[in-house]
Ligand code: IKT
């Protein structure tokens, strides 16, 4: 495979870890990164170590959509010697996109149609390449499908929901489903321990809080950092989530594996420990062609971190997307569609 020159939109926990992780995967060259106030572009390859060191510890709680400005000092991407300030970071990257094979959209989707609108801007500029996101919410998939023709006409291969859940665990469910001819139930249950990663992943915590009773994406977006701390304190640092609106359901349905209503997603987040509070598990229950009923279980090792389980799959799906794109396959794809068919 030829080298893949990729860009990262957003330099919160996910964007930054993706740049770090890419140096351990073959053929991945980060060439552009941005946040709201700055952009760094070098088609020969960014100096990832310098960018990470410069942006370390200055992440806003919206996960890098904005840079943090403290004591009047410029921070975020512009703290890097490779970056320049800009008011149009995404347009600046689009302007250079002829030489960019793939773009990882690592921006929090705190407005439901934000990622679909970003995709639309790439299509309007006739971008021919791969877009990958790590979005969470089920309803966003339909918004991308509404734009599928536009993306296809442009020559874009869009891989949606390619983080951990949806993403890795959706793909695992698709694989586990292969023993069966009929699926009764898919249960996804995740555990995340975020003590040392808390600062870097405040955006994820904010998005998770939007799933709690009494909150939604709008109210969670407007919470101050102090209000988030108060919610975390109320739960003694350990928050359980049930029946989350996560796109694993519609992504498994669009791959023909089961009905969306047969999929449940939940989990436990512990922001006061680095140990996972529960083992991340995917359980797929179904009936085999020869009449047995069974449950296939896929487990992540407790030693693997959320960062590894989000960024590894996101970059893996990005590489798969580039293979598809180079083969002339355009449109919107979910992680389960890139697994064996059902
Ligand atoms: C996500 O980022 O995909 C969703 C988050 C859960 C990650 C699960 C990782 C499991 C593991 O590492 O064992 C959360 C819902 N924000």
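The values are calculated or read from the model by the stated rules, or taken from the named source; none is laboratory data. The shown structure was predicted, so the numbers you read here are calculated from the model rather than taken from an experiment. Ideal geometry is used to build each Cβ from the backbone, glycine not excepted, and the neighbour counts take in all protein chains shown.
Being touching a helix residue (DSSP H, G or I) at 6+ places or on another chain (Cβ under 6 Å) and modelled with pLDDT of 95 or more narrows it down to one residue among 159, 100, 90; which is it? Result: 159 is the single residue among 159, 100, 90 that is touching a helix residue (DSSP H, G or I) at 6+ places or on another chain (Cβ under 6 Å) and modelled with pLDDT of 95 or more.
Scan the range 213-232 for residues that are assigned to a helix (DSSP H, G or I) and closer than 16 Å to residue 139 by Cβ and jot them down.
217, 218, 220, 221
Residue 129 meets the conditions (1) away from the ligand (no atom under 16 Å from the Cβ); (2) surrounded by fewer than 24 Cβ atoms within 10 Å (Cβ to Cβ) in every case but one. The failed one is (2). In the range 166-188, the qualifying residues are those that are crowded, with 20+ Cβ neighbours inside 10 Å and more than 13 Å from residue 253 (Cα to Cα), and the one that is farthest from the ligand (Cβ to nearest atom) is 180.
Scanning the range 200-214 for residues that are surrounded by 14 or more Cβ atoms within 10 Å (Cβ to Cβ) and over 24 Å from residue 251 (Cα atoms) returns 200, 201, 202. Residue 248 meets each of the listed conditions (1) within 17 Å of residue 178 (Cα to Cα); (2) within 12 Å of the ligand (Cβ to nearest atom); (3) out of contact with any helix residue (DSSP H, G or I) (no Cβ under 8 Å at 6 or more places or on another chain) apart from (3).
Selection within the range 155-165: residues that are over 30 Å from residue 267 (Cα atoms) and surrounded by 20 or more Cβ atoms within 10 Å (Cβ to Cβ). The member of this set that is nearest to the ligand (Cβ to nearest atom) is 157.
The helices (runs of 4 or more DSSP H) found entirely in the range 148-212 that carry 1 or more residues being more than 23 Å from residue 14 (Cα to Cα) are 148-154, 168-176. Comparison of 322, 265 shows that the only residue that is under 17 Å from residue 187 (Cα atoms) and modelled with pLDDT of 95 or more is 265.
When restricted to residues that are surrounded by 15 or more Cβ atoms within 10 Å (Cβ to Cβ) and not in a loop (DSSP other than H, G, I, E, B), the range 132-147 contains 7. Screening the range 255-342 for strands (runs of 3 or more DSSP E) wholly inside it with 2 or more residues that are within 16 Å of the ligand (Cβ to nearest atom) and in contact (Cβ under 8 Å) with a residue 60 or more places away in the chain returns the ranges 263-270, 281-287, 293-299.
Cβ-Cβ contacts under 6 Å between residues 6 or more apart (or on different chains), taken from a first residue in the range 210-233 that is more than 17 Å from residue 112 (Cβ to Cβ) to a second residue that is outside any helix (DSSP H, G or I) and modelled with pLDDT of 90 or more, are listed as 232/271.
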